[in-house]
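Below is one structure, written out as structure tokens; the observations come after it.
The values are calculated or read from the model by the stated rules, or taken from the named source; none is laboratory data. The structure displayed is predicted, hence computed values, not measured ones. Reconstructed Cβ throughout: ideal geometry from the backbone, glycine too, with neighbour counts over all protein chains shown. Ligands, DNA and RNA are stripped out before the accessible areas are found, and what is left, the full protein with its side chains, is counted by its heavy atoms. Shrake-Rupley method; radii C 1.70, N 1.55, O 1.52, S 1.80 Å.
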Amino acid sequence: MDASGLVLSPGFIDMHAHSDLQILANPDHTAKVSQGVTLEVLGQDGLSFAPIDAPTRTAVRRQIAGWNGEPDDFDFSWDSVEGYLARLDQGIACNAAYLIPQGTLRMMVVGTENRSATPAELTEMKRLLAEGLQQGAVGMSSGLTYTPGMFATTEELVELCKVVAEYGGYYSPHQRSYGKGALDAYAEMIDVAKRSGCALHLTHATMNFEPNRGRGVDLLAMIDDGLAQGVDITTDTYPYLPGATTLAAILPSWTAEGGPDTLLARLQNDDDRARITHELEQVGTDGCHGCVTDWQTIEIGGVKNPALSGAVGNTVAEIAAGIDKPPAEVFFDLLIRDNLATTILQHVGHEENVQAIMQHPTHTGGSDAILVGGKPHPRAWGTFPRYLAHYVRELGVLDLADCVHHLTGRPARRLGLTDRGLIREGYRADLVLFDPETVKDTATFANPRQQAEGIPWVFVAGVPVIENGVRTDALPGRAIRRTP
């Protein structure tokens, strides 16, 4: 090959991906491999599909339809981590590692009630966790603003993380707040890691919402203090200001107790609607990270119900103004009519925090990408080229070689991989060729499904998945297993 003028890089590792079903249902997976992603970490935010039983699968599939979609005639032929990884081994576009979701464990064993786990229930969760780690999972995730993971106490998380530490894995929590209580939430996670002896990966490590403007440096000081005390900490971020989640996620947590059907009933009860509206608009909810909801920052990213497609790309405030209804009424209407599947973009980030955190020596790259919906976040197609174009070439926030290490060698080390993340004889040929002068993310909030420029070649296990800028039909990716 003539690679004149191109940079040869190890394949990029996406430390936070929501492709759990999409990587199987839509094996082309161009959104990720066209960015140079050769490995992504699934099972994020405490909710995924292994280990799982039939009732929990139904509940989880419904709860996170906004993350994964609901692929037609999808064959859920597994119930264990081993089974899911074997399904990945049948052939995928890029490699994938898996985190065991703590919220799914809790739903299986405890249910969706807001209570502490009994000693017997905690023992059973630890057994399931150990079994999944023995089968090749790389660690455990949590979603501590999502039901039912949010109902876990600090002590419960410590006990689970002791199991993760025993198998050499790491803990990747979506913590209890990224807004008003962010620093307290980060402190809790560092305390869990310290007390359990477990490695900690602070995923989508942001400081969002108005109370955190300019406070990224405070988070970094806390991380540095933890490192000085011997806690093994890494982070990942996406190079954008807005975040993305489901519309239901900003509800107060009490509304979700009992499961999706109970939640929908509450959304149609006048007294509950009045209480929810007061908490959203006057007090601040734990679902909205302790902050009062600003409807102008909540943009609809995707809907399941085709009749609601006109809402996509508009904020709740804009929709409300257009039909002369209070924003909270629009909010309830969307959730009910879309059966809780609506996704949103949340415009709450701060550039100074984004830049400060990405320069820290613990930093890695993670897209946090939702691939489904009418207008998904552009990070689904643009995260890794945006680092190289905007933050390296245009702003000079990161040096090129340093940035590549953030996206390759450093995450490989966190995953415990000894044959990836570097270009070295004997290593796996997961490789990217990109043009440092032209590499660019073209995905925008208006047009998010746009392939990046300047990445003509991507190899997974030595096989081209992007050849001269075009997706091939190769599926050389496989599951990556941590060896206990």
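Where the alpha-carbon atoms of segment 385-479 are placed on the principal axes, they occupy 38, 33, 22 Å, in descending order. The Cα-based radius of gyration and maximum Cα-Cα distance (Dmax) for segment 160-248 are 13.4, 39 Å. From its DSSP helices (H runs of at least four residues, each -39,500 (n - 2.57)), the chain gives a residue-normalised ellipticity at 222 nm of -9500 deg cm²/dmol.
In segment 72-190, with Lys and Arg counted as +1 and Asp and Glu as -1 at Cβ, which of these residues, Gly139, Asn95, Phe76, has the Cα nearest the positive end of the dipole, that is, farthest along it? Positive-most Cα among the choices belongs to Gly139.
So how strong a dipole does the chain carry about its Cα centre when Lys and Arg Cβ are +1 and Asp and Glu Cβ are -1, to the nearest 20 debye? Let's see the in-between values first.
Working: 38 positive and 61 negative charges, 121 e Å.
Magnitude of the dipole: close to 580 debye.
Evaluated at q = 0.16 Å⁻¹, a Debye calculation over the C-alpha positions of segment 248-324 (equal weights, vacuum) places log10 I(q)/I(0) at -0.68.
Less than 15 Å Cβ to Cβ from Val231, Lys/Arg counted +1 and Asp/Glu -1: what total charge do the surrounding residues give? List each step's numbers first, then the result.
Details: positive: Lys162, Lys194, Arg195, Arg414; negative: Glu188, Asp191, Asp224, Asp225, Asp232.
That sum, taken over residues with Cβ under 15 Å, equals -1.
In segment 149-188 the Cα-Cα distances spread across 10 Å bins starting at 0 as 26, 52, 20, 1 percent of all pairs. What the phi angles of segment 114-120 give under the Karplus curve with 6.51, -1.76 and 1.60, with θ = phi - 60°, is a coupling list of 8, 7, 6, 6, 6, x, 5 Hz, glycine and proline written as x.
Solvent-accessible surface (1.4 Å probe) assigned to Val303 amounts to roughly 40 Å².
Within the assembled protein chains, the solvent-accessible surface assigned to Thr418 is about 110 Å², based on a 1.4 Å probe.
At R0 = 22 Å, how high is the FRET efficiency between Glu329 and Glu210 if r is their beta carbon distance? Nearest 0.05 is fine. Efficiency, rounded to the nearest 0.05: 0.35.
Entry for segment 338-404 at q = 0.13 Å⁻¹: log10 I(q)/I(0) = -0.45, Debye formula applied to identical alpha-carbon scatterers, no solvent contribution.
With the convex hull of its Cα atoms as the shape, segment 84-154 has an orientation-averaged projected area of 5.3 nm². Once the gyration tensor of the Cα atoms in segment 117-216 is diagonalised, the equivalent ellipsoid follows with semi-axes of 26, 14, 11 Å, ordered largest first.
Figure legend: label point modelled 7 angstrom from the Cα of Ser80 along Cα→Cβ; no residues of segment 390-419 have amide N under 20 Å from it.
Per the Debye calculation on segment 1-43 with a single equal scatterer at every Cα and no solvent contribution, log₁₀ I(q)/I(0) for q = 0.29 Å⁻¹ amounts to -1.08. Principal semi-axes of the equivalent ellipsoid, √(5λ) from the alpha carbon gyration tensor of segment 254-295, are 19, 12, 7 Å from largest down.
Mean separation of Cα pairs under 8 Å and 6 or more residues apart, divided by the residue count, gives segment 252-355 a relative contact order of 24 percent. Computed from backbone phi with θ = phi - 60° and the Karplus coefficients 6.51, -1.76 and 1.60, the 3J(HN,Hα) list for segment 335-346 is 4, 5, 5, 9, 6, 6, 8, 5, 10, 9, 9, 10 Hz; x is used for glycine and proline.
Ratio to report: Rg/Rh of the chain, with Cα atoms as the point set and Rh obtained by the Kirkwood method; give two decimals.
Working: Rg = 21.1 Å, Rh = 22.3 Å.
Over the Cα atoms of the chain, Rg/Rh equals 0.94.
Find the relative contact order for segment 134-243 and round it to a whole percent, using C-alpha pairs within less than 8 Å whose residues are 6+ positions apart. Let's see the in-between values first.
Details: 161 pairs, mean separation 27.2, N = 110.
Here the relative contact order equals 25 percent.
For segment 40-174, the Cα-based Rg and Dmax, in that order, read 13.9, 42 Å.
Surface calculation, 1.4 Å probe, protein heavy atoms: Asp20 sits at approximately 0 Å² accessible.
Counting only DSSP beta bridges whose two residues both lie in the chain, roughly 50 percent are antiparallel.
For Thr364, nonlocal amide neighbours, meaning residues 5 or more places apart or on other chains whose placed amide H falls under 5 Å from its own, are Thr235, Asp236, Thr237.
Give, in nm to one decimal, the length gained when the segment between Asp419 and Ala265 is fully stretched (0.36 nm per residue of separation minus the Cα-Cα distance). Before the final figure, lay out each step's value.
On the way: separation 154, 0.36 × 154 = 55.44 nm, distance 5.13 nm.
Residue separation times 0.36 nm, minus the Cα-Cα distance, leaves 50.3 nm.
Shown for the chain: cysteine residues without a partner Cβ closer than 4.7 Å, namely Cys94, Cys288, Cys291, Cys403. For segment 45-86, the Kirkwood estimate of the hydrodynamic radius, built from every pair of different alpha carbons, is 10.7 Å. Of the chymotrypsin sites (Phe, Trp or Tyr not before Pro) found in segment 437-476, those that fall in a DSSP loop while having at most 16 other beta-carbon atoms within 10 Å are Phe445.
Here the mean projected area of the convex hull built on the C-alpha positions of segment 197-301 is 8.9 nm².
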